[in-house]
Each structure stands twice: as structure tokens, then as C-alpha cells.
Amino acid sequence: MNPFESSASLSMQGQHPESANTHKYSVILPTYNERKNLPVIVWLLARTFTENGLAWEIIIVDDASPDGTQEVAKQLTSVYGEDHILLRPRSGKLGLGTAYIHGLNFCTGDYVIIMDADFSHHPKFIPQFIKLQQAHNLDIVTGTRYSSTSEPYLAEAQPGGIHGWDLKRKLVSRGANYLADTVLNPGVSDLTGSFRLYRLPVLRHIITVTQSKGYVFQMEMMVRARALGYSVGEVPITFVDRIYGESKLGASEIVQYAKGVWMLFTGV
Ligand SMILES: Nc1nc2c(ncn2[C@@H]2O[C@H](COP(=O)(O)OP(=O)(O)O[C@H]3O[C@H](CO)[C@@H](O)[C@H](O)[C@@H]3O)[C@@H](O)[C@H]2O)c(=O)[nH]1
Ligand SMILES: [Mg+2]
């Protein structure tokens, strides 16, 4: 199914899809040791939504970070208000996949945006996600580091890319995408990226059928979404490696990923 050929997309030709947008957007921000990054990412998100006249909330899912991330989150709640910043912590580091599941329980928006809290995912791309979603009435919009676009609604978009990763990390990411694309063929150019916008009920549905819990979660979500017939659009993004703190990706996540591809391939 090609979502870009739908009648919905044709009827939107020449219009500005983001105008008169009365929907609410929920952002799930998983955090583990993001004390230094959190205030700025929240500020950027708040500015993006405000400038675009959009209703918004941010659900911070912190896993008992030892660096004091939760104290910062509490301060942000008092600055922006409890209707905008919701701290929904957990008692220990339980992984990225389950952080999204947990955060989703508290979302009240029509759409859910999932992204990293360390500036690897810049909020400046969110208006493009929304524009594309509205133009084609999509179920999911995903950021891609591995493609460009000829989409007329994204005339301002630059080709996707990655900045700041060493060769090893680039090879791991490319290899992971190549493996899943070759074996499972979902037709999405960046399966491991995690900067995405979902229709709330669509995310709820896919999450109930997704089994993995770690980094492999992103790939499984997208493969299952395609198998369930949901429409997916792509926005090129530049992924910039974090300045503060460290990645939580380890060797065990790579093993879990390969197991996840195998599980989906064999239909377990
Ligand atoms: N609550 C919670 N948050 C977590 C956990 N592990 C990581 N996070 C948070 O999840 C985000 C991504 O974690 P990073 O450790 O910065 O991930 P990365 O190595 O930069 O990986 C990124 O790129 C991958 C694709 O190449 C993605 O697969 C991955 O999701 C992420 O976007 C950050 O906001 C981090 O604080 C956890 O166990 N619990
Ligand atoms: Mg990161």
C-alpha cells in the first residue's frame, strides 16, 4: 500500500495541512541520566508547539536516574504547568520499550510523538511530521536518517543523515537496518530510528502486539505496523549524537536485536 497515492492526499493538494489544527500532541520522553539535556529539550518542544499553535503535553518517563533527572523534571512541571509536563517515573531502569508502554498510559493527545531526550532528535522536525501526517491522513510518520524525500509538502526538508557517530556505531545501525530490511522487507528506510509520530489508537494497537522491550522495540513496532496495514510516511531527519551523557546501547541490545529479527521472520 502506498499512502501517498490515497485520495486523501489528492484532496489536500495546495492546502496548508497544519492550519486550523485543533488536535493535541503528546510527547513521550524516556529519560535515563538526562539532567543536563532535559530543560533544553523541553524548552525547544514548548517553543515548537507554541509557535505552531498546537495543544501539547510531555510525559517524562524517568527510570530512577541517579543523576537527579527527576528533580529537574519536577522543576519543569512547576515552570510549564502540570497540564503540560507530566513526570511519570518508574522505580528502576526497565528499558526503552517498556518506557514507551508506561508513558502511553498517561497520554491524552490525539497523536503521540516518541523521541529521545538528548537532542539526537531535534523538535524542529515535528512540524514537518505533522504536515505530512495531515496531508496524507497517515497513521504513522517516522523520521529517517537513510533517505531523502520528493514530497511536495516537505520542500524545506534536507536529506537525512547522522552526525557524531563513530564508524562502529554507524556500521551497527546500517547493519541492523540492512538485516531487518532484507529478512522482513517492511519498506521503511529507517527501522531502528525512534523519532516517530503515531495516531494514539494506532500506537496502542501496535504496542499490544509487540513483544520486545529493548532497542529492538522500534524495529518490531514498524514491521508489525506494516503487517497490520497501517500507513507510514517518512520525514528525513538529521540525527546528532548526544553532547552530554552516554548512549545506553550495549552488546546485549545488539544480540536482542538479531533475536528480534529472527522471531519476526519465523512468525513466533
Ligand atoms: N526511561 C528510560 N529511558 C531510557 C532507557 N534507556 C535509554 N533511555 C532514554 O532513551 C533515549 C535514547 O537513549 P540513548 O542511550 O541516547 O540511545 P542511543 O544510543 O542514542 O540510540 C538512539 O538511536 C537508536 C537508533 O540508532 C535508536 O534505536 C534508539 O531508540 C535511540 O533513538 C534517551 O532519552 C535516554 O535517556 C531506559 O532504560 N529507561
Ligand atoms: Mg542518544
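The values are calculated or read from the model by the stated rules, or taken from the named source; none is laboratory data. The model shown is predicted, which means the values in this text are computed figures rather than measured ones. Positions of Cβ are generated from backbone atoms using ideal geometry, with glycine treated the same way; all protein chains shown enter the neighbour counts.
What the table below lists for this structure:
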{"item": "Residue in region 64-76 that is in contact with a strand residue (DSSP E or B) (Cβ under 7 Å, 6 or more places away or on another chain), free of Cβ contacts under 8 Å to residues at least 60 places away in the same chain and surrounded by fewer than 17 Cβ atoms within 10 Å (Cβ to Cβ) present", "result": "yes"}
{"item": "Subset of region 206-237 [in a loop (DSSP other than H, G, I, E, B) and farther than 29 Å from L154 by Cα]", "result": "T210, Q211, S212, K213, G214"}
{"item": "Positions within region 27-48 being surrounded by fewer than 22 Cβ atoms within 10 Å (Cβ to Cβ) and either assigned to a strand (DSSP E or B) or among the polar types (S, T, N, Q) (or both), in sequence order", "result": "N33, T48"}
{"item": "Filtered residue count, region 101-139, keeping only those that are closer than 25 Å to H163 by Cα and within 16 Å of ligand 1 (Cβ to nearest atom)", "result": "14"}
{"item": "Qualifying positions in region 238-268 - small (G, A, S), assigned to a loop (DSSP other than H, G, I, E, B) and more than 20 Å from T144 (Cα to Cα)", "result": "G245, G250, G267"}
{"item": "Any pair with Cβ under 7 angstrom, 6 or more apart, that starts in region 32-54 at a residue that is touching a residue at least 12 places away in the same chain (Cβ under 8 Å) and of a type in the set (D, E, K, R) and ends at one that is assigned to a helix (DSSP H, G or I) and within 16 Å of ligand 1 (Cβ to nearest atom)", "result": "E34/T69; R35/T69; R35/V72"}
{"item": "Subset of region 182-199 [crowded, with 18+ Cβ neighbours inside 10 Å and in a helix (DSSP H, G or I)]", "result": "L184"}
{"item": "Top-ranked residue of region 170-181 - restricted to ones that are touching a residue at least 60 places away in the same chain (Cβ under 8 Å) and within 11 Å of ligand 1 (Cβ to nearest atom), ranked as surrounded by the most Cβ atoms within 10 Å (Cβ to Cβ)", "result": "A176"}
{"item": "Subset of region 144-191 [of a type in the set (V, I, T) and under 28 Å from K259 (Cα atoms)]", "result": "T144, I162, V172, T182, V183, V188"}
{"item": "Pair list, Cβ < 9 Å and 6+ apart or interchain, from region 105-122 residues that are part of a strand (DSSP E or B) to residues that are within 16 Å of ligand 2 (Cβ to nearest atom) and of a type in the set (S, T, N, Q)", "result": "I114/S194; I114/Q218"}
{"item": "Matching entry among L29, L104, L45, L76 (being farther than 19 Å from S194 by Cβ and modelled with pLDDT of 95 or more)", "result": "L76"}
{"item": "Residue satisfying condition, being among the charged types (D, E, K, R) and more than 16 Å from ligand 2 (Cβ to nearest atom), within set K168, K124", "result": "K124"}
{"item": "Cβ-Cβ under 7 Å pairs, at least 6 apart or on other chains, region 147-169 side over 30 Å from S247 (Cα atoms), far side part of a loop (DSSP other than H, G, I, E, B)", "result": "Y153/P17"}
{"item": "Test: residue in region 202-211 that is over 21 Å from D63 (Cβ atoms), within 16 Å of the chain's Cα centre (by Cα), buried (at least 21 other Cβ atoms within 10 Å of the Cβ) and away from ligand 2 (no atom under 16 Å from the Cβ)", "result": "yes"}
{"item": "So E82, is it in a helix (DSSP H, G or I) and modelled with pLDDT of 95 or more", "result": "no"}
